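Encoded as structure tokens, the structure appears first; notes follow it.
The values are calculated or read from the model by the stated rules, or taken from the named source; none is laboratory data. Computed from a predicted structure; not experimentally measured. As a convention, Cβ positions derive from the backbone with ideal geometry for all residues, glycine included, and neighbour counts pool all protein chains shown. The accessibility values were calculated without ligands, DNA or RNA, using every heavy atom of the protein model including side chains. Shrake-Rupley method; radii C 1.70, N 1.55, O 1.52, S 1.80 Å.
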Amino acid sequence: MLKGRLEDDRMLTGRGKYVSDWNLAGQAYGHFVRSDRAHADILSIDKEEALKHPGVLAVFTGEDIKDHLKSLPCALPVKGRGGMELINPGRPALAQGRVRFTGDPVALVVAENAVAAQDA
């Protein structure tokens, strides 16, 4: 009977394949643009300049996805003080209206190649 993590041997010996090693026909690349501020209101996001960049297929913001994607689940199985339920403020995939921390994702650039996704 096998025990432990079965993938370790092939990954540690260089015989494994990571997701970034795969190249599929027609695949696109994504780059998350992240906030350089903490606890700041999002006044506007201008996608037009990024969309003009060669190879860029789309740019998504929190406003674009808010009616299409549910909040990311929070699976913290603990109680608050005195056994109270914890408040779940929601965790959108892209910040909507306000960033909560430095590094909070505010946009997703999708492009034909990784360089275009990062440069846009």
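If you roll a 1.4 Å probe over the chain with all protein chains in place, what percent of the accessible area is carbon or sulfur? Please report the intermediate quantities before stating the final value.
Working: 5360 of 9650 Å².
Taking all protein chains in place, the chain shows 56 percent carbon and sulfur surface.
Using only the C-alpha atoms of the stretch 21-87, find the volume of their convex hull and express it per residue in Å³.
Numbers: hull volume 13.9 nm³, N = 67.
Measuring per residue, one finds 208 Å³ for the Cα hull of the stretch 21-87.
What is the chain by shape, rounded, prolate or oblate, if you read a ≥ b ≥ c off the alpha carbon gyration tensor as root eigenvalues and call it rounded for a/c under 1.5, prolate for a/b larger than b/c, and oblate otherwise?
On the way: a/c = 2.55, a/b = 1.03, b/c = 2.48.
It comes out oblate by the Cα gyration axes.
Compute the separation of the alpha-carbon centres of the stretch 65-97 and the stretch 5-20 and state it in Å as a whole number.
34 Å
If you average the sequence gap of Cα pairs under 8 Å that are 6 or more apart and divide by the length of the chain, what percent do you get for the contact order? Numbers along the way, then the final one.
Details: 167 pairs, mean separation 48.6, N = 120.
Normalised by residue count, the contact order of the chain is 41 percent.
Rounded to the nearest whole Å², what accessible area per residue is found for the chain with the 1.4 Å probe?
80 Å²
Using the Cβ atoms and a cut-off under 12 Å, what net charge is assigned to the surroundings of Pro54, where Lys and Arg are +1 and Asp and Glu are -1?
Numbers: positive: Lys52; negative: Glu112, Asp119.
Residues near Pro54 contribute -1 overall.
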